[in-house]
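Here the structure comes first, spelled out in structure tokens, and everything after it is commentary.
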Amino acid sequence: MTEATTPTAAPTDILNARLPGCKDLQMLAVDNTGIIQEVCSMDKVFKRIAPPNLQVIDAAGDWVSLGGVDLQINGALGLAFPDLESKDVEVLSKICQFLWYQGVDAFLPTLVTTSLDKFRRSLSTIADYMRTAKTAAPATNKSQSAEIIGVHLEGPFLNPQKRGAHPVEFLLPLTIENVKLVLGDCADIVKIITLAPELDSTGEVIPYLQSLGIAVSLGHSQATAEQAEQAFAQGASMVTHAFNAMPSLHHREPGLLGVAIVYPGVKCGLIADGKHVSPTMIDFLLRAGRYDTGVFLVSDALAPLGLPDGVYPWDSRQMEVRKGTAWVRLDYHSPLESATLAGTTLSLLAGVQNLVRWGICDAESAIALATDSPRKAIGLSGIIGKSADQLLRWNLNSQTKELTWHRLL
């Protein structure tokens, strides 16, 4: 995450804040460069020697967290990440700014199944953008731009029977040779690959990806419980959009998801729009997965994120967005009833608000699912050492039960 490099007017104490995972009200100490240096319970504040010129912000019992981290987002503002070219750098920059104002600190541009040429072109464009952003880091902590922290490849190593909206003509057999073809020279920026483990008869691919520092997420798969357990034992650590594009849970055949829920250390990505997974099954998954211990929220947002409902292109097909849900069909004249559910145009934090609105979990758990849990899933550090401009302040209306947020500073 971006850190401050120049002093601010004064150090700041943020008092009476509720932090996910902390029992009591907390104080956050921010130094004069805007970096969070300390978190402690309020009963220790008065034992602390306050620095000179100290400014104080009273959170008054509201929740405070870092911004969201979206590990599965396919595009925004009309740009699909698999279509990225060097000419799109300005739009990519605008997407980063847009996501910041949507409460997202960092994200993984997600490349769904496409041609080898487009995979490589998109990866190269993102790699160049990341290098440029790093060398041109802002001189203050007021970056107001979400950070690209790597790439999520959702394909092309998916089971054709569970491909969903992924074009079948670009799916590839799961071999180390094909993995190398897709990664090209950009393996260092790929953080997650979604794959169907049953496609690897050798058992060599997941350990190979692990050796490159790439997290493996199981998805778009027909894996049996035995195949899933073997994949997790080899090092797979996540599940992509739980329930979607995988066998249903069954009391005699738990399948991929059943094993993932009980396997130690595995985290399941979840789309909380109410369409991809019903609120009842979301409630079930969160209880079974111990909330942010085993689950994290993703948006799975598509290119029309930030645009109104309507009809948009999706490779050679049509995508129709209705009330934030995207459906893909062969052409505009095909009936929507025959279309494939493809994603959303809802932001990551809309899922947090949904969980509270539906009464599925409390504000603390919902916030953690989009902020702390995805960070832990890919090994990002916590709140100490982060820029205070990344902080969100959440307020829960006791009467309406509506959860709202804004940037704290």
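Do we find that LYS94 is within 24 Å of PRO374 (Cβ to Cβ), out of contact with any Phe, Trp or Tyr (no Cβ under 6 Å at 6 or more places or on another chain), surrounded by fewer than 18 Cβ atoms within 10 Å (Cβ to Cβ) and modelled with pLDDT under 95 in this structure? Against the criterion (within 24 Å of PRO374 (Cβ to Cβ), out of contact with any Phe, Trp or Tyr (no Cβ under 6 Å at 6 or more places or on another chain), surrounded by fewer than 18 Cβ atoms within 10 Å (Cβ to Cβ) and modelled with pLDDT under 95), LYS94 does not qualify. Residues that are in a strand (DSSP E or B), open to solvent by less than 30 Å² (accessible area, probe 1.4 Å) and in contact (Cβ under 8 Å) with a residue 60 or more places away in the chain within segment 18-68 comprise LEU28, VAL30, ILE35, ILE36, VAL64, SER65, LEU66, GLY68, listed in sequence order.
Of the strands (runs of 3 or more DSSP E) contained entirely in segment 308-409, those carrying at least 3 residues that are surrounded by fewer than 16 Cβ atoms within 10 Å (Cβ to Cβ) and under 20 Å from the mean Cα position of the chain (by Cα) fall at 403-407. THR12 meets each of the listed conditions (1) buried (at least 17 other Cβ atoms within 10 Å of the Cβ); (2) modelled with pLDDT of 95 or more; (3) more than 30 Å from LEU305 (Cα to Cα) apart from (2). Of all residues in segment 293-306, those that are open to solvent by less than 10 Å² (accessible area, probe 1.4 Å) and among the polar types (S, T, N, Q) total 1. For segment 121-136, give me each residue that is open to solvent by 60 Å² or more (accessible area, probe 1.4 Å) and at pLDDT below 95. Passing the criteria: ARG131, THR132, LYS134, THR135, ALA136.
ILE73 satisfies every condition listed in (1) touching a helix residue (DSSP H, G or I) at 6+ places or on another chain (Cβ under 7 Å); (2) hydrophobic (A, V, I, L, M, F, W, C); (3) closer than 23 Å to GLY343 by Cα except (1).
Restricting attention to segment 97-106, which residues are surrounded by fewer than 22 Cβ atoms within 10 Å (Cβ to Cβ) and within 12 Å of GLU147 (Cβ to Cβ)? Across segment 97-106, the qualifying residues are GLN97, TRP100.
The rows are residues; the columns are (1) free of Cβ contacts under 8 Å to residues at least 60 places away in the same chain; (2) out of contact with any Phe, Trp or Tyr (no Cβ under 6 Å at 6 or more places or on another chain).
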position	(1), (2)
LEU346	no, yes
LEU349	no, yes
VAL352	no, yes
GLY359	yes, yes
SER365	no, no
ALA368	no, yes
LYS376	no, yes
GLY379	yes, yes
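Selection within segment 235-255: residues that are closer than 22 Å to HIS276 by Cβ and among the small types (Gly, Ala, Ser). The member of this set that is most open to solvent (accessible area, probe 1.4 Å) is SER248.
Here is a yes/no grid of residues against (1) among the β-branched types (Val, Ile, Thr); (2) at pLDDT below 95; (3) over 30 Å from ARG131 (Cβ atoms):
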| site | (1), (2), (3) |
| --- | --- |
| THR2 | yes, yes, no |
| ALA17 | no, no, yes |
| GLY21 | no, yes, yes |
| GLY34 | no, yes, no |
| MET42 | no, yes, yes |
| ILE49 | yes, yes, yes |
| VAL56 | yes, yes, yes |
| ALA59 | no, no, yes |
| ILE73 | yes, no, no |
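With respect to TYR208, is the statement that it is among the aromatic types (Phe, Trp, Tyr) and modelled with pLDDT under 95 true? The answer is no for TYR208.
Exactly one residue among THR194, THR125 is under 18 Å from ASN74 (Cβ atoms), among the polar types (S, T, N, Q) and touching a helix residue (DSSP H, G or I) at 6+ places or on another chain (Cβ under 6 Å), and that residue is THR125.
The rows are residues; the columns are (1) more than 21 Å from PRO156 (Cβ to Cβ); (2) at pLDDT 95 or above; (3) under 20 Å from the mean Cα position of the chain (by Cα).
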| residue | (1), (2), (3) |
| --- | --- |
| ILE214 | no, yes, yes |
| ALA231 | no, yes, no |
| GLN234 | no, yes, no |
| VAL277 | yes, yes, yes |
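Quick check on ILE95: is it among the hydrophobic types (A, V, I, L, M, F, W, C) and free of Cβ contacts under 8 Å to residues at least 12 places away in the same chain? In short, no. As a summary of the residue check, VAL239 satisfies the conditions (1) more than 29 Å from MET130 (Cβ to Cβ); (2) modelled with pLDDT of 95 or more; (3) within 24 Å of the chain's Cα centre (by Cα) except for the one numbered (1).
Can you report the number of residues in segment 263-292 which are over 19 Å from GLY359 (Cα atoms) and either open to solvent by less than 10 Å² (accessible area, probe 1.4 Å) or touching a residue at least 24 places away in the same chain (Cβ under 8 Å) (or both)?
The qualifying residues number 6.
The values are calculated or read from the model by the stated rules, or taken from the named source; none is laboratory data. The structure presented is a predicted model; accordingly, all values stated were derived computationally and were not measured. Methodologically, a virtual Cβ is constructed for each residue, glycine included, from the backbone with ideal geometry; neighbour enumeration extends over all protein chains shown. Surface accessibility is based on the protein's heavy atoms, side chains included, excluding ligands, DNA and RNA. Shrake-Rupley method; radii C 1.70, N 1.55, O 1.52, S 1.80 Å.
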